[in-house]
Amino acid sequence: SIDPEVLIMPFAIYGAPGSGKGARAGYEALLKLRDDPLGKRLKAIQRDQVYPGGTPLQGPLFYLFQVEMAAKQIYPHIFGRYRDDQAYPPAECLFEREAVAQILREAHGR
């Protein structure tokens, strides 16, 4: 039996390429499970642990932000609350943005 404790809907922030759908269309459809007799039985739905996710079609830099986003959505009491604007205080950032930027600058000879 499958009963996830957390559901993260991919492409809910950035729409699937070529889908013609708004970014949140899939996420909104997932939320409709709250009213579905079978969907109501899922732990993630019962506990309101359903979150919008980014795209799985990006590379490692983008994944830094997606992992941070998921950690904050699922465990805000540990990592701080997720913010749509990404304007986190330095103490709440889960990786050092400037260190990543410096690595990229060095890799490109700047």
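The lone criterion from (1) touching a Lys or Arg at 6+ places or on another chain (Cβ under 7 Å); (2) not in a helix (DSSP H, G or I) left unmet by Leu57 is number (1).
Every test in (1) closer than 30 Å to Ser1 by Cβ; (2) part of a loop (DSSP other than H, G, I, E, B) is passed by Leu94 save one, and that test is (1). A search for C-beta distances below 8 Å between a residue of the stretch 72-83 that is more than 15 Å from Leu7 (Cβ to Cβ) and any residue that is assigned to a helix (DSSP H, G or I) and small (Gly, Ala, Ser), counting only pairs 6+ apart in sequence or on different chains, returns Ile78/Ala71; Phe79/Ala71. Per the listing Arg110, Arg34, Arg24, the residue uniquely charged (D, E, K, R) and at pLDDT 90 or above is Arg34.
Conditions tested, residue by residue: (1) within 20 Å of Ala12 (Cα to Cα); (2) in the same structural domain as Val6 (by TED's automatic domain parsing).
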position	(1), (2)
Asp48	yes, yes
Met69	yes, no
Gln86	yes, no
Ala91	no, no
Glu96	no, no
Ala101	no, no
His108	no, no
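The set of residues from the stretch 33-60 being loosely packed, with under 11 Cβ neighbours inside 10 Å and among the charged types (D, E, K, R) comprises Asp35, Arg47, Asp48.
The values are calculated or read from the model by the stated rules, or taken from the named source; none is laboratory data. All values reported here derive from a predicted model rather than from experimental measurement. Methodologically, a virtual Cβ is constructed for each residue, glycine included, from the backbone with ideal geometry; neighbour enumeration extends over all protein chains shown.
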